[in-house]
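One structure is given here, and the rest of the page talks about it.
The values are calculated or read from the model by the stated rules, or taken from the named source; none is laboratory data. Note that the structure is predicted; figures quoted are calculated from it, not measured. All Cβ positions, glycine included, derive from the backbone under ideal geometry; neighbour counts span all protein chains shown. Please note that ligands, DNA and RNA were not included when accessible areas were found on the heavy atoms of the full protein model with its side chains. Shrake-Rupley method; radii C 1.70, N 1.55, O 1.52, S 1.80 Å.
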Amino acid sequence: MNNNYVTVVGGINADIIGTPSQRPIMHDSNPGRNTLFPGGVGRNIAENIARLGINVKLLSAIGNDFFGQFIVDASRHTNLDLSEIIISESHGTSTYVCLNDECGDMHYAVNDMQIMNLITPEYVASHLETINNGKALVLDANIPIETIKFIGENVTVPIVADTVSENKASKLVPIIDKLYAIKVNLLEAELLSDTQVSNFYDAKEAAFKLQDKGIKNVYLTMGSNGVVYCGDLEAGILPTFKSNVVNSTGCGDSFTAAMVYGIVNKLSSKKTALCGLACASITIGSNKTVSENISEENIKKIIAEDDNQ
């Protein structure tokens with residue numbers, strides 16, 4: 001590869017997703033469907049980026065076990081380079097167990113990601129030249145805070161951050177002024193901006209406050225209510241595209257991938273947000289965490305069809 005690539009540093013999981021066929025009954029066994037997919041925020045973002053036509057190198061860790069081999073086999077893509085991931089003999093591959101409601105929306109999830117402690121500053125340092133020769137670096141907040149700090153101090157290309165969850169978002173605080181772009185949801189935006197969000201005005205104010213902390217581009221996703229976007233020259237709120245909800249897991253990861261697509265292709269904040277919403281609409285209509293229908297052609301088609309309505 002030449003320098004026409006991006007690097008992702010983040011989590012790899014085996015995603016085990018259960019969706020009941022009817023309204024779930026707590027403390028009981030519910031009939032439905034259980035599925036196993038390759039997952040992890042970092043891995044999902046990386047595959048989505050690859051499907052959008054961009055070369056991507058993934059830095060992460062898996063165990064030398066069934067789940068690890070399953071993920072490698074299922075993640076093969078001509079634009080996705082997995083050659084530098086750690087394969088551990090002493091740690092098991094991360095697992096993520098998600099229980100949905102009958103509509104496919106996440107009810108709750110449990111993750112076991114102890115292997116992420118192997119994503120050390122030393123590991124990232126050994127790939128620093130490769131990272132800084134690319135177009136951008138994407139990190140997810142699953143990696144250790146010491147590694148996040150190292151990235152903030154040493155990476156010279158644009159840094160894109162995915163907060164992952166409310167309890168992990170605070171790990172980004174030490175490098176918040178080093179971030180080129182961030183994706184947050186409402187709870188994460190409240191935490192990082194010290195702003196209570198109860199309406200669209202509050203959401204926009206929270207995004208502006210994150211910009212004041214030094215982040216150049218902020219994308220605040222609000223589920224079915226759309227996204228608030230703030231860039232250097234523009235800010236606004238966009239509604240979601242219509243889609244059939246099958247499984248919401250992975251929607252945020254596809255949105256983050258679209259942010260990288262926007263950076264590489266020098267798109268405006270608004271156009272980047274539209275690409276993110278288009279990716280999310282494709283993902284939510286799939287039973288997989290990364291839809292096989294993610295492509296540059298398909299997101300352009302969704303945006304163009306919406307413009308014509």
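So how strong a dipole does segment 1-135 carry about its Cα centre when Lys and Arg Cβ are +1 and Asp and Glu Cβ are -1, to the nearest 20 debye?
Details: 7 positive and 14 negative charges, 75 e Å.
Magnitude of the dipole: close to 360 debye.
Only aspartates and glutamates eight or more places from residue 57 in sequence, or on another chain, were considered; those with a Cα closer than 12 Å are 47, 81, 84. The calculated pair-distance distribution of segment 42-180 uses every alpha carbon pair, bins of 5 angstrom beginning at 0, and gives 2, 9, 17, 22, 21, 17, 8, 3, 1, 0 percent.
Think of it as helices only: each DSSP H run of n ≥ 4 in the chain is worth -39500 (n - 2.57), and spread over all residues that comes to -10000 deg cm²/dmol at 222 nm. What is the percent carbon and sulfur in the accessible area of segment 227-309, measuring with a 1.4 Å probe over the protein chains and ignoring ligands? Heavy-atom surface of segment 227-309 belonging to carbon and sulfur, 1.4 Å probe: 46 percent. Over the C-alpha trace of segment 176-309, radius of gyration and Dmax come out as 14.1, 39 angstrom. For residue 301, a cut-off of 20 angstrom between C-alpha atoms picks up these lysines, skipping any fewer than 8 places away in its own chain: 242, 266, 270, 271. Counting only residues at least eight positions apart within a chain, or on another chain, the lysines with an alpha carbon under 19 Å from that of residue 213 are 149, 168, 171, 178, 183, 204. Rounded to the nearest Hz, the phi-derived 3J(HN,Hα) couplings of segment 52-68 under the Karplus curve 6.51 cos²θ - 1.76 cosθ + 1.60 (θ = phi - 60°) are 8, x, 10, 5, 9, 9, 9, 10, 6, 8, 9, x, 7, 8, 4, 4, x, where x marks glycine and proline. Entry comment: accessible area of segment 43-138 is 45 Å² per residue, from protein heavy atoms only and a probe of 1.4 Å.
For residue 88, the residues 5 or more places off, or on other chains, whose built amide H falls under 5 Å of its own are 62, 63, 64. Karplus-based coupling profile of segment 152-157, in residue order and whole Hz: x, 8, 10, 8, 9, 8, with θ = phi - 60° in 6.51 cos²θ - 1.76 cosθ + 1.60 and x standing for Gly or Pro.
I want to verify the translational diffusion coefficient of the chain in µm²/s; compute it with Stokes-Einstein, Rh as the Kirkwood radius over Cα pairs, at 10 °C and 1.306 mPa s. All intermediate terms of the calculation are to be shown ahead of the outcome.
Values: Rh = 19.3 Å.
Here the translational diffusion coefficient equals 82 µm²/s.
Residue ranges 140-153, 278-291, 223-236, 73-86 sort as 278-291, 140-153, 223-236, 73-86 when ordered by packing (mean number of other C-beta atoms within 10 Å per residue, highest first). The portion of the accessible surface of segment 63-140 made up by carbon and sulfur, rounded to a whole percent, is 51 (1.4 Å probe; DNA, RNA and ligands excluded).
Taken over the C-alpha atoms, segment 110-239 has Rg and Dmax values of 15.0, 45 angstrom.
Nothing charged except the Cβ atoms of Lys and Arg (+1) and of Asp and Glu (-1): what's the magnitude of the dipole of the chain about its Cα centre? Round to the nearest 20 debye. Kindly include the intermediate steps, with their values, before the conclusion.
Details: 23 positive and 35 negative charges, 117 e Å.
I would put it at about 560 debye.
Compute the accessible area per residue over segment 180-309, keeping the other protein chains in place, probe 1.4 Å, unit Å². Write out the running numbers ahead of the final one.
Working: 5960 Å² over 130 residues.
Per-residue accessible area for segment 180-309 comes out at 46 Å².
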